[in-house]
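Scroll down for the structure; my scribbles are underneath it.
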Amino acid sequence: MNAFYALFAVILLLLVAWVGVGTVDLYSLFGIIIPYLAFTIFILGFLYRIIKWAISPVPFRIPTTCGQQKSLPWLKSSKLDNPHNAFWTIIRMALEVLTFRSLFRSTRAELREGPKITYGDTKWLWAGGLAFHWAFLIIILRHYRFFVEPVPAFVLYLQSMDGLFQIGLPVLYITDAVIVVAASYLFVRRVFIPQVRYISLFADYFPLFLIGGIAVTGILMRYFTKIDVSAVKELTLGWINFKPAAPEGIGIMFYLHLFLVSVLFAYFPFSKLMHLGGIFLSPARNLANNNRAKRHVNPWNYDVKVHTYEEYEDEFREVMKEADLPVEKE
Amino acid sequence: MSDEKLKSEQLADIDYNPPSKDWMDVKPVIKKGTFNYPAVEASEKYLDLPFSRKWDPRDDDWKLPENWKEIVLKGLKDLLGKYRSFKVFMDICVRCGACADKCHFYLGSGDPKNMPVLRAELLRSVYRNDFTTAGKIFGKLAGARELTEDVIKEWFLYFYQCTECRRCSVFCPYGIDTAEITMMGRELLNKLGLGIDWINTPAANCFRTGNHLGIQPHGFKDSVDFAVDDLLDFTGIRVEAPINKKGAEILFVVPSADYFGDPHYFGFLGYLALFHEIGLDYTFSTFASEGGNFGLFHSAEMMKRLNAKIYAEARRLGVKWIIGGECGHMWRVLHQYMDTINGPADFLEEPVSPITGTKFENAKSTKMVHIAEFTADLIKHNKVKFDRSRNDHWIVTFHDSCNTARGMGILDEPRYIIRSTCNNFYDMPENTIREQTFCCGSGSGIGTDENLEMRLRGGFPRANAVKYVREKHGVNLLTCMCAIDKATLPAVMDFWVPGVELAGVHELVGNALIMKGEKRSGDLRGQPFKGEEVKEHV
Ligand code: HEM
Ligand code: SF4
Ligand code: SF4
């Protein structure tokens, strides 16, 4: 059900843009006002969320340790999975963010005759997730070419790597194929794995469809419907120079693409996509396991009612004396 | 139907397919064998806890305070402001499901609300409803739901069906720790007087007498005297076991089950034998007669209240530093919380082993060393001699306790000790040990008799891995360093893999230790050593 709602929502968005640009000619609204607005919401919303997390206190140092601690000098500690200082914690985080190490660890439990439970390796989610994110990242970086003139070398380099296979004309970018396949996989597993379907919300399907929609409209205009790329660059350079003008005749597909991107930007700060920022602030991962060597301070630590030794001895002094236990007061 | 005996084939018949109904529409069922009894009023009153009353989870009316909703929402707001962990974990879960089949309670019950992600959603849905813009506008479509009495009942059921073991956190791409969310959930429940007896009564005991079992100072002394006598019987040596001795070098704190429970006690004899043999200048304390801390399972505040006595007693007795015995959640508190909540311990000295001169750099701020670290260091420096064959009647495996594995990382010290003290050691399969270890299913204060069915279910993955090494290598001893494991795993083993006993690592140490002038009559359980049972009959 949630999947259908999400699909409808994305279709509705497409229709809005179609009507808005295709029939009512609202070029400035869809080409200038909405993108500016979405970008502003994204920046402010993102900052707001990050700042709100960042200023909330970390009362305890609670990393989840995933390997041998550093204790005795002759015992080999697991620096990466149980980092004892800031350096290894940063490495742990970097690998987590860049390679999804925790997902890589994943197993799939199966109950068999016996009864017997087995835990086989499963790398599907890891591979699908990683492909999806890297493709997404590279695509975003490739888009940088629209915003600067001349196009920087690293973007050209990315483009040529991405188009390495030289298939078709215009050259097929590998990431375009990867993101569609990976997003489809993520969707399919969400629907077909009963447990995952059971926990999935509208908010889980919607970004997938949205990003899928962005990818598909992008691919359509690049390979099939064709648009006027120089007009696009005129528009994008106009945005960043704050002299925006929405040229007509770029092609409707571009506006559909742009509108979905705008929605993604505006939606981002309010959604689970904020995991991008949150992962860096997760106390189970971003702290070193050196609690006993270095004191962690809790900013809101307050005094609590305790039972003092004096109260204890007052209650038990007689029995303590009878049992020949030393006491403070006779 | 009341006392039907549970059967393993029945419990192992688990259906992992979730129901067709949306989880928000499935009402919680409070069923015999899967919940814990509420706390008795006297304990809650002793701790000044709010709204203590007589109530029964099986009744429809839980007699919640009139403004219960306001209390919960205010409490939730408060916790969100106090913990970045909580706030971030509420916000960033993508429901990828990687954690789903990592929880022993889900694996053992098939109940989807025992998937860590859904356990968290039980609370997250309320958070969305009352604290996020999307939730306020889009309601159910955004995964939000209103806080109702049924939600509270659901929390009670499922936050006491989580042992705060952190296994889910290992596999989550963001490290989301459902244990942390459970802790918040329990803190909120306790604000409504919905605590359970096996947590709040030990906490009250601990507050009053210094230990969970409520043993008074003279009772403590009796236990220790008894142990000294037993050790004399088994080894021919009378050891000293000082109590409340001012000016001792080291304060030794153990979980109370060590001197009162079985099989903990045999490991306790092991400590006594070891400390005697190396001539350690140490003392027990009747006031700090508990290292365990059931406050951890109640709230951060209760944890602090119960933990305070350890540093207080170290200061009063004038010791230099502290050693802690074998216990799981105790070490979560000592390692990750104590210095923060009750430190700094600047009146103590940085721990140095008086026997080997080793500086325990990793404990230089807290000044508290784990007994396994201490013993491993002794062995490495050849300060103790062992006769491993004295453990030949055991074929041993080792269970990493959740808290020490995933909240500390003490994995190789115990293995080093075990390998040094016995000849037959086999680890369980790699996905079930070390940081991936499976919980006993009874941790975090839910190891009660009334909750037995759930415990057996939760203990199933652990037991299954033991069964594997039992069938393959004939394992008959499951060692561990946790008082809760030692207390609760015997029932779980009897049910799923009969023939496996539990023991602390220091029981093996005590058996194998060669003591000057000893005359061993058998192991620390009073059983003959392997090969010697024959002689008796000759
Ligand atoms: C540091 C950066 C990031 C990390 C480490 C990260 C990690 C992950 C992981 C591990 C998953 C779960 C696997 C999955 O469900 O596919 C996921 C899901 C997802 N991520 Fe990211 N992510 C990052 C940034 C982003 C960004 C910038 C976006 C932007 C749009 C994004 C969009 C998504 C989406 C849509 C899903 C959901 C896939 C699904 O529903 O199955 N992520 N992310
Ligand atoms: S693994 Fe983490 S992100 Fe994925 S569903 Fe579980 S808690 Fe959420
Ligand atoms: S902490 Fe342990 S018991 Fe709780 S949800 Fe996670 S895996 Fe399950």
Notebook entry, point to check: Once label points are set 7 Å from the Cα along Cα→Cβ at both B:Asp262 and A:Ser230, what is their separation, rounded to one decimal in nm?
Noted result: 9.3 nm
Note to self: I'd like the FRET efficiency for B:Glu70 and B:Asp346, computed as 1/(1 + (r/R0)^6) with the beta carbon distance as r and R0 of 45 Å, rounded to 0.05.
What the structure shows: 0.60
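Helix-derived [θ] at 222 nm for the protein assembly as shown: sum -39500 (n - 2.57) over DSSP H runs of at least 4, divide by residue count, nearest 500?
Rounded to the nearest 500, the figure is -15000 deg cm²/dmol.
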Next item on the list: Compute the separation of the alpha-carbon centres of segment B:206-247 and segment B:487-501 and state it in Å as a whole number.
Entry: 28 Å
Notebook entry, point to check: In square nanometres, what is the average projected area of the Cα convex hull of chain B?
Noted result: 25.3 nm²
Next item on the list: State which entries of A:Lys76/B:Lys472; B:Lys367/B:Lys472; A:Lys321/B:Lys364 exceed 32 angstrom in Cα-Cα distance in the structure shown.
Entry: B:Lys367/B:Lys472; A:Lys321/B:Lys364
Next item on the list: Give me the orientation-averaged projected area of the Cα convex hull of segment A:200-260, in nm², one decimal.
Entry: 4.8 nm²
Check: Among the helices of chain A (complete DSSP H runs), which have Cα atoms covering no less than 20 Å along the helix axis and a Kyte-Doolittle mean of at least -0.5?
Finding: A:2-17, A:34-55, A:124-143, A:174-192, A:202-219, A:252-267
Notebook entry, point to check: Rounded to the nearest 5, what is the percent of antiparallel bridges among the DSSP beta bridges in the protein assembly as shown?
Noted result: 30 percent
Next item on the list: Compute the FRET efficiency between B:Asp387 and A:Ile51 as 1/(1 + (r/R0)^6), taking r as their Cβ-Cβ distance and R0 = 51 Å, and round to the nearest 0.05.
Entry: 0.20
Item checked: Likely footprinting exposure, B:Ser109, B:Ser285, A:Ser28, fewest C-beta neighbours within 10 Å first -> A:Ser28, B:Ser109, B:Ser285
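How large is Rg/Rh for segment B:21-195, to two decimals, with Cα atoms and a Kirkwood Rh?
A ratio of 0.95.
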Next item on the list: In square nanometres and to one decimal, what's the mean projected area of the convex hull around the Cα atoms of segment B:115-199?
Entry: 6.0 nm²
Note to self: Can you list, by residue number, the Cys in the protein assembly as shown that have no neighbouring cysteine C-beta under 4.7 Å?
What the structure shows: A:Cys66, B:Cys93, B:Cys96, B:Cys103, B:Cys162, B:Cys172, B:Cys206, B:Cys327, B:Cys422, B:Cys440, B:Cys480, B:Cys482
Checklist line | Proxy reagent accessibility, fewest Cβ within 10 Å first, across B:Cys440, B:Cys162 | finding: B:Cys162, B:Cys440
Check: Between B:Leu6 and B:Ser521, 0.36 nm times their residue separation minus their Cα-Cα distance comes to what?
Finding: 181.4 nm
Margin query: I'd like the orientation of helix B:178-191 relative to chain B: the angle between its Cα long axis and the longest Cα principal axis, in ° from 0 to 90, rounded to 10.
Written below: 70 degrees
Next item on the list: Report, for segment B:203-524, the % of DSSP beta bridges that are antiparallel, rounded to 5.
Entry: 10 percent
Checklist line | Cα shape, segment B:352-511, gyration tensor, a/c 1.5 rule | finding: oblate
Checklist line | Summed side-chain charge close to B:Cys327 - residues other than B:Cys327 whose Cβ falls under 13 Å, Lys, Arg +1, Asp, Glu -1 | finding: -2
Notebook entry, point to check: If we count other beta carbons within 10 Å of each Cβ, what is the order of B:Lys530, B:Lys31, fewest first?
Noted result: B:Lys31, B:Lys530
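Kirkwood hydrodynamic radius of segment A:2-302 from all distinct Cα pairs, in Å?
After inverting the pairwise mean of 1/r, the radius is 22.4 Å.
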Note to self: Quick check: net charge around A:His143, other residues with Cβ under 15 Å of its Cβ, Lys/Arg +1 and Asp/Glu -1?
What the structure shows: +1
Check: Could you give the dipole magnitude of segment A:178-241 about its Cα centre, charging the beta-carbon of Lys and Arg +1 and that of Asp and Glu -1, in debye to the nearest 20?
Finding: 220 debye
Next item on the list: For an R0 of 30 angstrom, estimate the FRET efficiency from the Cβ-Cβ distance between A:Leu169 and A:Glu149 and round to the nearest 0.05.
Entry: 0.80
Checklist line | For segment A:58-204, diffusion coefficient by Stokes-Einstein and Kirkwood Rh (Cα), 37 °C, 0.692 mPa s, µm²/s | finding: 171 µm²/s
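Add +1 for every Lys or Arg and -1 for every Asp or Glu among the other residues with Cβ under 15 Å from the Cβ of A:Ile55, and state the total. List each step's numbers first, then the result.
Working: positive: A:Arg49, A:Lys52, B:Lys82, B:Arg84, B:Lys87; negative: B:Asp91.
In short, +4.
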Note to self: Please give me, ordered by residue number, the trypsin sites (Lys or Arg not before Pro) of segment A:169-243 that lie in loop per DSSP and have at most 14 other Cβ atoms within 10 Å.
What the structure shows: A:Lys226
Item checked: Cleavage-rule hits, chymotrypsin sites (Phe, Trp or Tyr not before Pro), segment B:281-358, DSSP coil, Cβ neighbours within 10 Å at most 12 -> B:Phe347
Next item on the list: Mind running the shape call on segment A:1-137? Use the C-alpha gyration tensor, a ≥ b ≥ c as the square roots of the eigenvalues: rounded below 1.5 for a/c, prolate if a/b tops b/c, oblate otherwise.
Entry: oblate
Notebook entry, point to check: Looking only at segment A:26-45, which residues have a backbone nitrogen under 11 Å from a spot 7 Å from the Cα of A:Val19 in the C-beta direction?
Noted result: none
Next item on the list: Give me the percent of DSSP beta bridges within chain B that run antiparallel, rounded to the nearest 5.
Entry: 15 percent
Margin query: Averaging the inverse of every distinct alpha carbon separation and then flipping it gives the Kirkwood radius. What is it for the protein assembly as shown, in angstrom units?
Written below: 29.3 Å
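The numbers here are math on the coordinates, done by the rules we state, and not lab data. Predicted model only: the values in this text are computed from it and were never measured. All Cβ positions, even for glycine, are placed from backbone atoms using ideal geometry, and neighbour counts span all protein chains on display.
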